[in-house]
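S.K.: Dropping a structure here in structure tokens format, bear with me for questions.
The values are calculated or read from the model by the stated rules, or taken from the named source; none is laboratory data. Bear in mind that the values here come from a model prediction, so they are computed numbers and not experimental data. Every residue, glycine as well, gets a Cβ built from its backbone with ideal geometry; the counts of neighbours run over all protein chains shown.
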Amino acid sequence: MYIPHTPDQIQKIKDILGIDSVDDIFQKITGKTNFFEPIELGEKLSQQELLYYFDEKLSGLKKYHYLVGCGAYDHFIPPVVDALMRSEFITSYTPYQPEISQGVLKAIWDFQSYVCEIFDMDVCNSSHYDGATAAAEAVLMAKRIYSKINPHAYKYIVLNSLHPNYIRVIQTYAESIELKPVFADFDQYGKADLSSLENLIDNDTFAIVIQNPNFWGVIENNIDKIKELVKQKIVILVTANPFVYFLIDPPKVDIVAASLQPFGIPLNFGGPYIGVIATSMENIRNLPGRIIGQTIDKDGKIAYTMILQTREQHIRREKATSNICTNQGLMAIRNLIYLMTMGKSNLIKVAKKNYTNIRFFISRLKELGIAKNIFEDIFNEALIYVPSYTEMYNQMKDKYSIILGVSLNKLNLLQSQVENLRKIGIDYDLKDLAIICTTEKYSKQQLDQFCNYLKEIC
């Protein structure tokens, strides 16, 4: 525990409170009577000695290859991204004083501009903690927008092909204001079942949430049809890997809620990541979070500032659209540096590599009789069936340091998702169904070698 007070200040606080020890405060809060003793760290080390110490400790660790997706993707990150994350950017705080924060504000404005271009939207915020919280805020935003048409609408439709963790976060946000989810099926191709969706829409429905590429890695190519089908209902597009939109045009929807982790954010044991919401200009006042605007100052020079702050918690908080305030500005700037470094042509190359690599890997697994893919129209991850998957997974990890996807049994699917799989004839044991992912980090030669390892184990 670190307490930023001198011993004299601490003694004065204890005298005022009438306590003998700081632990007495935490005892009242936690109900515990015993606390951990301080850890003995040993003698002091210089910075160089400390680096040597950790180099030695880490030297025996294995370097794993991650063929895992499910919302966290292991892409190559140019070293320049880390090199340019200079000290002035490494802060969690928002630049409230534009007159002394023009550099940071311009960087975030550029980030917003890139995101709007990728998703063909007018405006976006900057930013959210991750894709799941962005999706949840998008549902609340959709409710505010649709309330002008029907203030009593309380149901939102969720495709069963949406990431189960995203669904749970959305439910956590929405149930506090009594908004209820209704689950729509995916078909035998892993895509939205339009007839199922149409049958669920009624006057109490305000939004439809669909992921593309979806949780199974399948590209949804009928979102424009869904938008026509649902008419005035708010269509929310969720995407965990926006690289797909360097290969296909983004669909016409009302709100985009995206995870931007693939753009220059390492896996980091699960975070910090970044999410964002983009929408049309007519919905800007219902958009939560920061928005940076570009203007002209009194001297006629370009200037940047935060705009429409009445939507945020620190100004007129009872009118705020969200409690989002300081959030992931550092990750947004990492996104910006990555996108600017790569450039559009290289981003397209990465997207193509993701598209072709997974298809090559799946085809080799099928040729060798190791696995069977469930759905065809995939981007960079796929749902596969592998007999005795758990045993194979453990052997690949222990013998070759390869993390071969993740079992559906460990992904905590919703009951509606399991029932949907059974409904379309996928009756394999969940522990033998897995989602695997390949990115541009691996060549076809490496993927072929991974397949040979699998064949050897089989």
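S.K.: Determine which single condition Ala351 fails, assuming it passes every other condition in (1) assigned by TED's automatic domain parsing to the domain that holds Asn452; (2) crowded, with 17+ Cβ neighbours inside 10 Å; (3) out of contact with any Leu (no Cβ under 7 Å at 6 or more places or on another chain).
M.R.: The number of the failed condition is (3).
S.K.: Shifting gears a bit: Yes or no: Asp204 touching a Phe, Trp or Tyr at 6+ places or on another chain (Cβ under 7 Å), surrounded by fewer than 18 Cβ atoms within 10 Å (Cβ to Cβ) and either at negative phi or among the aromatic types (Phe, Trp, Tyr) (or both)?
M.R.: yes
S.K.: Then there is this: Please specify each residue of the stretch 184-201 satisfying the condition of being in contact with an Asp or Glu (Cβ under 9 Å, 6 or more places away or on another chain), surrounded by 17 or more Cβ atoms within 10 Å (Cβ to Cβ) and not charged (D, E, K, R).
M.R.: Ala184, Phe186, Gly190, Ala192, Ser196, Leu197
S.K.: May I pose another question? Could you grab the pairs with beta carbons closer than 6 Å, sequence gap of 6+ or different chains, first residue in the stretch 91-106 and closer than 16 Å to Asn335 by Cα and modelled with pLDDT of 75 or more, second one surrounded by 12 or more Cβ atoms within 10 Å (Cβ to Cβ) and of a type in the set (Ser, Thr, Tyr)?
M.R.: So the pair list comes out as Leu105/Tyr304; Lys106/Tyr304.
S.K.: Further question: What strands (runs of 3 or more DSSP E), lying completely within the stretch 223-283, carry at least 2 residues that are modelled with pLDDT of 95 or more and either in contact with a Pro (Cβ under 6 Å, 6 or more places away or on another chain) or closer than 21 Å to Ile358 by Cα (or both)?
M.R.: In the stretch 223-283, 255-259 are the strands (runs of 3 or more DSSP E) which contain 2 or more residues that are modelled with pLDDT of 95 or more and either in contact with a Pro (Cβ under 6 Å, 6 or more places away or on another chain) or closer than 21 Å to Ile358 by Cα (or both).
S.K.: Out of the residues in the stretch 354-376 that are of a type in the set (A, V, I, L, M) and either assigned to a helix (DSSP H, G or I) or not assigned by TED's automatic domain parsing to the domain that holds Ser407 (or both), state the one that is farthest from Thr390 (Cα to Cα). It would help to see each step written out before you state the result.
M.R.: Applying the first criterion (of a type in the set (A, V, I, L, M)) to the stretch 354-376 yields 358, 362, 365, 368, 370-371, 374.
Of the ones still in play, those that are also either assigned to a helix (DSSP H, G or I) or not assigned by TED's automatic domain parsing to the domain that holds Ser407 (or both) are 358, 362, 365.
Values: Ile358: 21, Ile362: 18, Leu365: 16 Å.
Per the criteria, the residue is Ile358.
S.K.: Is there a residue being in a loop (DSSP other than H, G, I, E, B), surrounded by 21 or more Cβ atoms within 10 Å (Cβ to Cβ), at pLDDT below 95 and in the same structural domain as Gln97 (by TED's automatic domain parsing) anywhere in the stretch 310-319? Steps first, please.
M.R.: Of the residues in the stretch 310-319, the ones in a loop (DSSP other than H, G, I, E, B) are 312-316.
Those left that are additionally surrounded by 21 or more Cβ atoms within 10 Å (Cβ to Cβ): 312.
Filter once more, keeping what is at pLDDT below 95: 312.
Cutting the leftovers down to in the same structural domain as Gln97 (by TED's automatic domain parsing) gives us 312.
Yes.
S.K.: Checking Ile436 against (1) at pLDDT below 95; (2) under 23 Å from the mean Cα position of the chain (by Cα), only one condition comes out false. Which one?
M.R.: Here Ile436 clears every test but (1).
S.K.: Output the number of residues of the stretch 368-378 satisfying the condition of being in contact with a helix residue (DSSP H, G or I) (Cβ under 7 Å, 6 or more places away or on another chain) and either farther than 24 Å from Asn165 by Cβ or at pLDDT below 95 (or both).
M.R.: Of the residues in that region, 5 qualify.
S.K.: Among the listed residues Leu162, Leu105, identify the single one that is surrounded by 15 or more Cβ atoms within 10 Å (Cβ to Cβ), assigned to a loop (DSSP other than H, G, I, E, B) and hydrophobic (A, V, I, L, M, F, W, C).
M.R.: Leu162
S.K.: When you scan the stretch 111-134, how many residues do you find that are of a type in the set (D, E, K, R) and buried (at least 21 other Cβ atoms within 10 Å of the Cβ)?
M.R.: Looking only at that region, the number is 1.
S.K.: So, one more: Assuming Phe243 fulfils every condition listed in (1) closer than 18 Å to Ile145 by Cβ; (2) buried (at least 19 other Cβ atoms within 10 Å of the Cβ); (3) not acidic (Asp, Glu) apart from one, which condition is it?
M.R.: Of the numbered conditions (1) closer than 18 Å to Ile145 by Cβ; (2) buried (at least 19 other Cβ atoms within 10 Å of the Cβ); (3) not acidic (Asp, Glu), the odd one out for Phe243 is (1).
S.K.: With respect to the numbered conditions (1) assigned to a loop (DSSP other than H, G, I, E, B); (2) of a type outside the set (A, V, I, L, M, F, W, C); (3) within 21 Å of Tyr166 (Cα to Cα), which one is the sole condition not fulfilled by Asn409?
M.R.: (1)
S.K.: While we're on this one: Within the stretch 198-211, count every residue that is in contact with a helix residue (DSSP H, G or I) (Cβ under 7 Å, 6 or more places away or on another chain) and either of a type in the set (Asp, Glu) or more than 18 Å from Ala136 (Cβ to Cβ) (or both). Let's see the steps before the verdict.
M.R.: In the first step, residues of the stretch 198-211 are kept if they are in contact with a helix residue (DSSP H, G or I) (Cβ under 7 Å, 6 or more places away or on another chain); the result is 198, 201, 206-210.
When the remaining residues are screened for being either of a type in the set (Asp, Glu) or more than 18 Å from Ala136 (Cβ to Cβ) (or both), the result is 198, 201.
The qualifying residues number 2.
S.K.: Right, something else. Can you confirm whether Gly300 is in a loop (DSSP other than H, G, I, E, B) and surrounded by fewer than 16 Cβ atoms within 10 Å (Cβ to Cβ)?
M.R.: Yes.
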